[in-house]
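Undergrad: Just dropping this structure here.
What follows is calculated from the coordinates using simple rules that are stated; it is not laboratory data. What you see is a predicted model, and the numbers here were worked out from it, not measured in a lab. Virtual Cβ from ideal backbone geometry, glycine too; neighbours counted across all protein chains shown.
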Amino acid sequence: MSRPIPMSLCAINRGTRMPDALRSRYRAWSWDAPGEPDELQLVEKATVQPASGEIVVENTLAAFNPVDWKIIQNGHAAWKSGRVPGVDGVGRIAAVGPDVRLPVGQRVAYHQSLARDGSFSDYTTLRAESVLPVPDGVSDEVAAGIPCPGLTAWQALAKVPSVPDRDVLVTGAGGAVALILAQLAVRRGWRVWVTASPRHHARLLGLGVCGAFDYQDDSWQGALQQALGPRRLFAVFDTTSGGYARTLAPMLGFNGHLVCIQDRLDAPPLPPFATALSLHEVALNAMHDHASPQDWRDWRMAGAGLMHDVQAGALETQPVRVTAFTALPESLSAFKAGRTTGKVLVKI
């Protein structure tokens, strides 16, 4: 990743405008019980002033991520009837609580805790530390797709030592997380191999990956091993499932790293004392419950770096598709079923 710009510089936004005064009530898509996205209900909620350390963001866009439909489907320990889903959004700060130094009117993107009401609404109340100022030159549409995918990719990459001249595999590189992760891995000086649908291969090869394989081709692992020759993989970053990650473990060499992004492995995939494999799980939401102030500073600096890279044209993200707020449940159902391509955003 290129050198992140300081937060003080990233916070400058010459296009800042003051949002309207907080309305007493606002629209939100409400969850009642585990089920399908199309069971969400459009409701009105009473606006609450932010407490100490909090801000209220007036959303312009919400972004879909797989975690959204998964939690809607399966529930969450902190969720009760009336919860508003959505982890990623972008908008302008509409109100700040005591001790918050961010200016009202500043444009920000954010990743919300799963334990709080999310981005599928007009307003979202957040901890001030969990927002990323959006610099000039980065549109709301691009910024909305940075927090969860970009910072998940950053977290995954941080699991593996930055040792040069190594081979790594990124699965599902047509997706939002893996697309960013593959580019960040290339910058480390690694030989990056990916799996993706053939329609993504040309773009990925143009971004510097060494080879792209069709994950639906049963012979792709053999083709990758043939391309590697005597070398073995140093790391595998899997965005598919724990079960799929387990099948990839034998491709790793001595002291290799298996990084599970979409799921986790509860048991080692290989016998003990074989290749000395290291297992890693990735869970961006863990920041909200367990991060120290230093962790949050690192998180924001990483986010600022991603924003700067996008602003400079040094990082590509998925093409966006914008849908209407009133069509959110149907659009999320289509996203869950894989009937959409690119990054799906909701205009609020």
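Undergrad: Whole Å is fine, so just give me how far the alpha carbon centre of the stretch 261-327 lies from that of the stretch 211-226.
TA: 25
Undergrad: Please report the Cα spread of the stretch 259-348 along all three principal axes, rounded to whole Å, starting with the longest.
TA: 53, 33, 29
Undergrad: Which value, in debye to the nearest 20, describes the size of the charge dipole of the stretch 160-281 about its Cα centre when Lys and Arg Cβ atoms bear +1, Asp and Glu Cβ atoms bear -1, and nothing else is charged?
TA: 380
Undergrad: Once amide H atoms are placed 1.01 Å from N in the peptide plane, what residues at a sequence separation of 5 or more from residue 111, or on another chain, have their amide H within under 5 Å of its amide H?
TA: none
Undergrad: So for the pair residue 115, residue 188, with labels modelled 7 Å out along Cα→Cβ, what separation do we get in nm?
TA: 3.0
Undergrad: Can you tell which of 298, 263, 122 shows the greatest fluctuation in a Gaussian network model of the chain with Cα springs below 10 Å?
TA: Its mean-square fluctuation being the largest, the pick is 298.
Undergrad: Let me ask something else. What share of Cα pairs, in percent, lie more than 15 angstrom apart in the stretch 154-255?
TA: Tail fraction, whole percent: 57.
Undergrad: Quote the charge dipole size of the chain about the Cα centre in Debye, to the nearest 20; the model charges only the Cβ of Lys and Arg (+1) and of Asp and Glu (-1).
TA: In total the dipole reaches around 580 debye.
Undergrad: Using helices alone, I'd like the mean residue ellipticity at 222 nm for the chain: each DSSP H run of four-plus residues gives -39500 (n - 2.57), total over residue count, nearest 500.
TA: Value at 222 nm, helices only, nearest 500: -8000 deg cm²/dmol.
Undergrad: Hey, if you put +1 on the Cβ of every Lys and Arg and -1 on every Asp and Glu Cβ in the chain, which of 308, 151, 113 ends up farthest toward the positive end of that dipole?
TA: Among 308, 151, 113, the one farthest towards the positive end of the dipole of the chain is 308.
Undergrad: Let me ask something else about it. List the relative contact order of the chain as a percent without decimals, with contacts defined as Cα pairs under 8 Å and 6+ residues apart.
TA: 19
Undergrad: Lysine pairs, Cα distance under 26 Å, 8 or more residues apart or cross-chain: how many in the chain?
TA: 12
Undergrad: DSSP beta bridges in the stretch 160-281, what fraction antiparallel, as a percent rounded to 5?
TA: In the stretch 160-281, approximately 0 percent of DSSP beta bridges are antiparallel ones.
Undergrad: Hey, if you put +1 on the Cβ of every Lys and Arg and -1 on every Asp and Glu Cβ in the stretch 46-146, which of 102, 53, 73 ends up farthest toward the positive end of that dipole?
TA: 73
Undergrad: How high is the relative contact order of the stretch 160-281, given as a whole-number percent (alpha carbon pairs under 8 Å, six or more residues apart)?
TA: Across the stretch 160-281, relative contact order equals 21 percent.
Undergrad: Just to check, using Stokes-Einstein with a Kirkwood Rh over alpha carbon pairs, what's the diffusion coefficient of the stretch 183-237 at 25 °C and 0.890 mPa s in µm²/s?
TA: 209
Undergrad: Follow-up question, since we're still on this one. Whole-Hz ³J(HN,Hα) for each residue in the stretch 155-163, computed from phi via Karplus 6.51 cos²θ - 1.76 cosθ + 1.60 with θ = phi - 60°, x for glycine and proline: what do you get?
TA: 4, 4, 5, 5, 6, 10, x, 7, 9
Undergrad: So, one more: Applying the Karplus parametrisation 6.51 cos²θ - 1.76 cosθ + 1.60 with θ = phi - 60° to the phi angles of the stretch 247-253, what ³J(HN,Hα) value in whole Hz is obtained for each residue in order, glycine and proline being reported as x?
TA: Each residue's phi maps through the Karplus curve to give 6, 8, 4, x, 7, 7, x Hz.
Undergrad: What whole number of Å gives the distance from the Cα centroid of the stretch 73-150 to the Cα centroid of the stretch 22-63?
TA: Result: 11 Å between the Cα centres.
Undergrad: Taking the chain as a Gaussian network, Cα atoms linked when under 10 Å apart, which of 175, 89, 53 shows the biggest mean-square fluctuation?
TA: Fluctuation is largest for 53.
Undergrad: I'd like the orientation of helix 293-311 relative to the chain: the angle between its Cα long axis and the longest Cα principal axis, in ° from 0 to 90, rounded to 10.
TA: Result, in degrees: 80.
Undergrad: Follow-up. Counting DSSP beta bridges with both partners in the chain, what percentage is antiparallel, nearest 5?
TA: 55
Undergrad: Related question: Could you check which residue among 71, 93, 55 shows the biggest mean-square fluctuation in a GNM of the chain with a 10 Å Cα cutoff?
TA: 71
Undergrad: Please name which of 171, 265, 137 has its Cα lying farthest along the dipole of the chain towards the positive end, using unit charges on Cβ (Lys, Arg +1; Asp, Glu -1) and the Cα centre as origin.
TA: Final value for the positive-end residue is 137.
Undergrad: Tell me, in nm to one decimal, what length is gained between residue 46 and residue 283 on full extension, where the rule is 0.36 nm per residue of separation less the Cα-Cα distance?
TA: Value of the extension gain: 82.2 nm.
Undergrad: What are the residues whose amide H is under 5 Å from the amide H of residue 83, where those residues sit 5 or more places off or on another chain and H is modelled from the backbone?
TA: Answer set, sorted by chain and number: 31.
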